[in-house]
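All of the numbers you see were taken from the coordinates with simple rules; none came from a lab. Just so it is clear, the model here is predicted, and its values are computed rather than measured. Cβ: placed from backbone, ideal geometry, glycine included. Neighbour counts: every protein chain shown.
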Amino acid sequence: MSNGFVKQIAEEKYKYGFTTDVDTDIIQHGLNEDVIRQISSRKAEPDWLLDFRLKAYAYWLTQTCPKWAHLDIPEIDYQSISYYADPTRRAKGPQTLEEIDPEVMKTFDKLGIPLEERLALSGNTAVDAVMDSVSVKTTFKERLAEKGIIFCSISEAVRNHPELVRKYLGSVVSYRDNFFAALNSAVFSDGSFVYIPKGVRCPMELSTYFRINAAGTGQFERTLIVADDDSYVSYLEGCTAPMRDENQLHAAIVEIVVLDRAEVKYSTVQNWYPGDEKGQGGVFNFVTKRGHCRGEGSKISWTQVETGSAITWKYPSCVLSGDNSVGEFYSVAVTNNYQQADTGTKMIHLGRNTRSTIISKGISAGHSSNAYRGLVKVGEKAEGARNYSQCDSLLLGDKCGAHTFPYMDIHNETAVVEHEATTSKISEEQLFYCNQRGIKTEDAIGLIVNGYAKEVLNKLPMEFAVEAQKLLSVSLEGSVG
Amino acid sequence: MLKIENLHATVAGNEILKGIDLEVGKGEVHAIMGPNGSGKSTLSNVLVGNPNYTVTEGKITFQGKDLLSLPPEDRSHEGIFLSFQYPVEIPGVSMVNFMRTAVNEHRAYKGLAPLAANEFLKLMREKRALVGLDGKLANRSVNEGFSGGEKKRNEIFQMAMLEPVLSILDETDSGLDIDALRVVAEGVNKLHTSDNSVIVITHYQRLLDYIKPDVVHVLYNGRIVKTAGPELALELEEKGYDWLKE
């Protein structure tokens, strides 16, 4: 190996690593029934919801952290975390703009997420801004309400639309689904709730921006999206957190219900703090995301760009019950330094002529480990099911790892399932070729990585795609060794 | 324009260049010939700053600047272009993106604003015509799945786009049939003006039938052992290299 490209591993530029000094109401550390009752009472929840939480908690106590992923997960002390942190002055959820702490407003401005509607990103994106455990503000609520669309924090939905929440909450991801789903169901705080009525095409992008701020807390958001017959919505999710030496826990659940001929497009740019170049700090990201295509011709499309977190454990999945329903999963996962990711999807084909597509692009650098794990399951009644999977890995340097764990479980002989996988490496010859044409090494990596990931990036809404491209280059800065 | 003095260089610890002296003037075409292993490719790689090659002694001055102190991308910005013997494939990166990045980094180095998309595409079209590459090129990944001839033509196309002051053609004739050779050579000749210079590195005389050198050097065992006019190439074709090895 030459030493020409060997560079000092530069400190990764994580520009969202600041903290906000805001008066935050944090409940005492630790997890027990009393804490769960406190969370529930602060949110003035109905009994059925408290009951749901307590059942989930009881179940969680019987479970242990899953060990099957290709991850080295340190022991997490669940008693050392605070499960609720409220940076808004009053404990009663979102307020008018005037009532929000200016520091909180400034934080979201700094993140490029203005909460004043007139300053909105493209004028066509509504935002639910969540800091720590509480939704700070949801924009364009009124304009959306004119079309019958409900877009609000889940706490508010529990108060104002209890029948909808009760009907769908936990119907896609049961609290018994897994260890982290049980934990989330017990202690979940804010997240977004979306309901698109029959026949309505949501006129703007809906988005939630999650921000962890307070130290020593975990974030346990919960998002529920329901798309009624013949409706459509595109939903975006972004996440950042301050740079801290200790690890922070994030265990979320996203549930999507899609009815006849409706379509939900869910895009994520996950940029939680990944830890420093020595692997100190960073967010532990344990997320259960699942969509259920319940109707005829329902469609769910997941697109994710995962660049952050010290550990990512996440498998956005589709249950394709409705005949002719469609599931898609497009993913770019980047790991650098000592980051670890085990991510992928499950496509569960139950209905006839259901189709799914999986495109996964892993990029590993530094000492990181990046695994794709995917399940394609075809049930007995899923006549004519089709799946196409493509899993590519790109390696930078020789100290990182890439792994692919595809599982297939096929119970219908008419199914057609295809799987392709490649592994490639950015070579010194490629970089030098770019250099000779006048392209700096960092830019050359950006060019190659974005070229490699473009099939996925093209699926993102425009503004997001541009952000994601920049993020990919920044995440890999100083990674050529 | 280019002055090489007492250049010594090693690859993986082996000394390949053992004291090269060479001067190329503005507008001149120099041919460097020599048997396999004489150091021809090492010389071209050292000129463009390939990090696998280490300069142990000597000096290279390019347009008054100390070339060895510049990183490879700045040597490119200063106007040195290498047509690679083995052009590298970069899957996923389209030619149009690749060239736009390269052209704009060159412009930035000169303090110019990036080219607008339509101007850039127009430039691509113009330069493409020069080497007879078809329009589909723009959407194909850099060199991926290109035939040997297409790769070499693509090198000359990039040369046309970047308008170098000094072009180094490293065994550009290898792997080309006679028709492709003619197209490539014609491209080089069209681009050659009294303001830019060319170094043609080749084994054989045949490329020099199309690209006429002003000076021919013979490189042997890391040194230039003979320098003469174009007639030297013909002599080598006839007699081989052995007579120069004493």
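Tell me the trypsin sites (Lys or Arg not before Pro) within the range A:259-338 that lie in a loop according to DSSP and have at most 15 other beta-carbon atoms within 10 Å.
A:LYS278
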Once both labels are modelled 7 Å past Cα along the beta-carbon direction, what's the A:ARG176-B:SER69 spacing in nm? 7.5 nm
Qualifying GluC sites (Glu not before Pro) in the range B:208-245, DSSP loop, other Cβ atoms within 10 Å at most 12: none
Ignoring everything except DSSP H segments at least 4 long, calculate the 222 nm mean residue ellipticity for chain B; use -39,500 (n - 2.57) per segment, divide by total residues, nearest 500. -10500 deg cm²/dmol
Cα-only radius of gyration and Dmax that characterise the range A:365-481, units Å: 18.0, 58
Using 15 Å as the cut-off for backbone N distance, which residues of the range B:103-135 belong to the label zone defined by a point 7 Å from the Cα of A:SER473 along Cα→Cβ? B:103-109, B:114-115
Pseudo-spin-label distance A:PHE18 to A:ASP34, built 7 Å along Cα→Cβ, given in nm, is 3.9 nm
Amide H contacts under 5 Å for A:SER393, restricted to residues at least 5 apart in sequence or on another chain and with H modeled in the peptide plane, are A:GLY362, A:THR422, A:THR423, A:SER424
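First measure r as the distance between the Cβ atoms of A:GLU75 and A:LYS55, then evaluate 1/(1 + (r/R0)^6) with R0 = 30 Å and state the FRET efficiency to the nearest 0.05.
Between A:GLU75 and A:LYS55 the formula returns 0.70.
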Can you give the relative contact order of the range A:344-393 as a percent, counting alpha carbon pairs under 8 Å and 6+ residues apart? 55 percent
Subtracting the Cα-Cα distance of B:THR193 and B:ARG107 from 0.36 nm times their residue separation yields 28.9 nm
For B:88-98, mean number of other protein chain Cβ atoms within 10 Å: 6
Taking θ = phi - 60°, what integer Hz values does the Karplus form 6.51 cos²θ - 1.76 cosθ + 1.60 yield along the range A:250-257, in sequence order, with x for Gly and Pro? 10, 10, 10, 10, 10, 10, 10, 10
Square roots of five times the C-alpha gyration tensor eigenvalues of chain A, ordered largest first and given in whole Å, equal 33, 28, 22
Residues meeting the amide H criterion for B:ARG223 (H placed from the backbone, H to H distance under 5 Å, 5 or more places apart or on another chain) are B:LYS18
Diffing the range B:71-81: the Karplus 3J(HN,Hα) column from phi (6.51, -1.76, 1.60, θ = phi - 60°), in whole Hz with x for Gly and Pro, holds x, x, 5, 6, 4, 5, 4, 6, x, 9, 10
Which of A:VAL319, B:VAL225 has the fewest other C-beta atoms within 10 Å, and how do the rest follow up to the most? B:VAL225, A:VAL319
Compute the label zone of B:THR61 within the range B:1-43: residues whose backbone N is under 15 Å from the point 7 Å along Cα-to-Cβ. B:1-7, B:21-26
List the GluC sites (Glu not before Pro) in the range A:145-179 that DSSP assigns to loop (not H, G, I, E or B) and whose Cβ has at most 11 other Cβ atoms within 10 Å. Which are they? A:GLU146
What is the distance in Å between the Cα centres of the range B:42-106 and the range B:137-179? 15 Å
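Could you work out the relative contact order of the range A:249-346? I mean the mean sequence separation of Cα pairs under 8 Å and 6+ apart, divided by the number of residues, in percent.
It rounds to 31 percent for the range A:249-346.
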Rounded Å value of the spacing that divides the Cα centres of the range A:256-323 and the range A:135-172: 20 Å
Interchain or sequence-distant (5+) residues whose placed amide H lies within less than 5 Å of the amide H of B:GLY58 are B:HIS8
Output ³J(HN,Hα) for the range A:315-329: one whole-Hz value per residue in order, computed from phi by the Karplus curve 6.51 cos²θ - 1.76 cosθ + 1.60 with θ = phi - 60°, and x for Gly and Pro. 9, x, 10, 10, 9, 9, 7, x, 4, 6, 7, 10, x, 9, 9
Sequence-distant lysines (8 or more away, or on other chains) whose Cα lies within less than 20 Å of A:LYS381: A:LYS299, A:LYS346
Under the definition of Cα pairs under 8 Å and six or more residues apart, what whole-number percent is the relative contact order of chain B? 28 percent
Under a plain spin-label model, where a point goes 7 Å from the Cα along Cα-to-Cβ, how far apart in nm are A:GLN280 and B:GLU126? 5.5 nm
What is the extension gain from B:GLU235 to B:GLU23, computed as 0.36 nm multiplied by their sequence separation minus the C-alpha to C-alpha distance, in nm to one decimal? 74.1 nm
